[in-house]
Structure formats: C-alpha cells, structure tokens
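The values are calculated or read from the model by the stated rules, or taken from the named source; none is laboratory data. Every value quoted in this text rests on a predicted model; they were computed, and no experiment measured them. Don't worry about glycine lacking a Cβ; one is built from the backbone with ideal geometry, like all the others, and counts go over all protein chains shown. For the accessible areas, the whole protein counts, side chains as well, though only heavy atoms, and no ligand, DNA or RNA atoms are used. Shrake-Rupley method; radii C 1.70, N 1.55, O 1.52, S 1.80 Å.
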Amino acid sequence: KRILASELPVETKRQAQELLLWTLVEQDMAPDGLDILENLYPLNQGEAPTERGLVAMYEVAVARNLKERAEALRNEYLKLYKDSPLRLRITLNYALFQSAQGDARGAAITLRKLIQEHPKAPETNNARLALASLILDGKLPAHLRKAFPAPDRLLGQLEGLTLNSDPARKALVLQLKLAVQASNWMEALALARKYRTTFPTGAEAETVTSL
C-alpha cells in the first residue's frame with residue numbers, strides 16, 4: 001500500500017500490483033484481489049503484463065465468477081505466453097471454472113486433454129482428481145462417460161502424493177465414494193476410518209460421515 005501511495009512511476013506501481021496479486025493467489029486468497037484487479041495502473045504502450053501477474057489476474061477473475069473477464073485474460077495469456085509451463089496451471093483452472101459454470105462435458109474434455117498431453121506434469125494429479133470427481137458425482141451423463149477414463153483408473157495413476165496433502169485427502173474421499181458405489185462396505189469403513197484419523201478436520205468430514 002505504501003508503494004501504491006508513493007510518488008514512484010506508474011509502471012513501478014503496476015509491477016507492485018501484479019506482484020501482490022500473485023502473492024494473494026499463491027496463498028489461496030484470490031477473491032481478495034478483486035479491488036486490485038479493478039484498479040490496475042495502466043501499462044505503457046507496447047508493454048505487456050508479467051506472466052505471473054496475468055495468471056493471478058485470471059485466477060482472481062475466476063474466483064469472483066467474472067466469466068467474460070476471465071475468458072479475456074485467458075486468451076491474452078495464451079497469446080503472450082503459450083509455451084510457458086504456467087499454461088498448465090491456466091488450463092487446470094479453466095477446466096475447474098468450466099465445471100463451476102455447469103459445463104461438465106467441456107471441463108471433462110479439457111481435463112482429459114491435459115492428462116493425455118502432460119501425464120507427468122505437477123498439475124496432472126489435480127486434473128485426474130477433478131475428472132474422477134466429475135464422473136463419480138454424476139455430473140457427466142452416462143452416455144458420455146465411456147469417452148473418459150474410469151475413476152478407478154484415474155486414481156490408480158496418481159503419483160507422488162504426500163500423506164497429508166490436499167490431493168491425498170481428495171483421493172481418499174474419491175476412493176471412499178468408489179467403495180460405496182460398489183457396495184464394498186468393509187473397504188468403505190476402512191477408508192472412512194483412515195480419513196477421520198488422517199484428516200480429522202478435513203473439508204469433506206461431513207461428506208465422509210454421510211457416506
């Protein structure tokens with residue numbers, strides 16, 4: 001705030017805004033960046049947003065459900081930084097946004113493409129979890145599901161999960177849903193106990209209890 005209120009050049013203030021937006025999204029505080037997003041200092045002619053700044057702007061727009069703004073920022077990113085590793089982060093967030101907007105089929109297609117083209121990328125575990133969740137939660141019509149990997153296959157492809165991580169927690173919930181759907185009650189009970197032991201305050205605690 002002191003930087004933005006100072007007499008520094010506009011371009012320096014803009015850089016500070018983009019850095020602050022990146023800091024917010026990295027701390028899972030993207031919704032808090034709306035005021036900055038709506039009051040960005042203008043760029044000089046010929047200048048472009050920084051890559052991280054543009055990713056952060058996009059994630060703030062998504063978090064605030066600004067569909068048109070998000071789409072414009074995504075297109076700008078892909079035009080400026082199409083070969084950057086961060087494009088996979090944009091792609092994953094785009095798929096999650098599609099799902100949140102009710103476009104389950106579009107989200108599933110985006111996720112499947114990410115998984116197929118970048119099977120070892122850091123974002124791919126989350127893509128597998130998101131696609132498995134779409135299928136298990138019944139958001140994809142039955143006649144479309146055959147075009148996508150089965151949830152158990154997706155979960156079996158997860159790599160390098162650390163014990164107490166968010167992906168590990170989500171995977172455990174999905175494994176529990178699979179067991180319930182298959183009426184495998186002993187496995188479901190064991191998984192539910194494992195969840196309550198490993199993630200006693202997890203976000204899905206009520207869901208696990210209801211299952």
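Okay, here's what the table says:
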| quantity | calculated |
| --- | --- |
| Near pairs, Cβ below 9 angstrom, 6+ apart or cross-chain, from region 161-173 (part of a helix (DSSP H, G or I) and at pLDDT 90 or above) to any residue that is among the β-branched types (Val, Ile, Thr) and open to solvent by less than 20 Å² (accessible area, probe 1.4 Å) | Leu172/Val208; Val173/Val208 |
| Cβ-Cβ under 6 Å pairs, at least 6 apart or on other chains, region 79-92 side within 15 Å of Thr50 (Cα to Cα), far side open to solvent by less than 40 Å² (accessible area, probe 1.4 Å) | Leu86/Val55; Ile90/Tyr77 |
| All positions within region 136-162 that are more than 13 Å from Ile109 (Cα to Cα), charged (D, E, K, R) and over 19 Å from the mean Cα position of the chain (by Cα) | Asp152, Arg153 |
| Criterion: under 26 Å from Ala70 (Cβ atoms) and surrounded by 14 or more Cβ atoms within 10 Å (Cβ to Cβ) - qualifying residue of Ala203, Ala95, Ala171 | Ala95 |
| Qualifying residue in region 123-140 (condition: farther than 21 Å from Leu96 by Cβ, open to solvent by less than 20 Å² (accessible area, probe 1.4 Å) and either out of contact with any Gly (no Cβ under 9 Å at 6 or more places or on another chain) or free of Cβ contacts under 8 Å to residues at least 40 places away in the same chain (or both)) | no |
| Matching option when the condition is farther than 19 Å from Gln27 by Cβ and buried (at least 18 other Cβ atoms within 10 Å of the Cβ), among Pro119, Pro42, Pro49 | Pro49 |
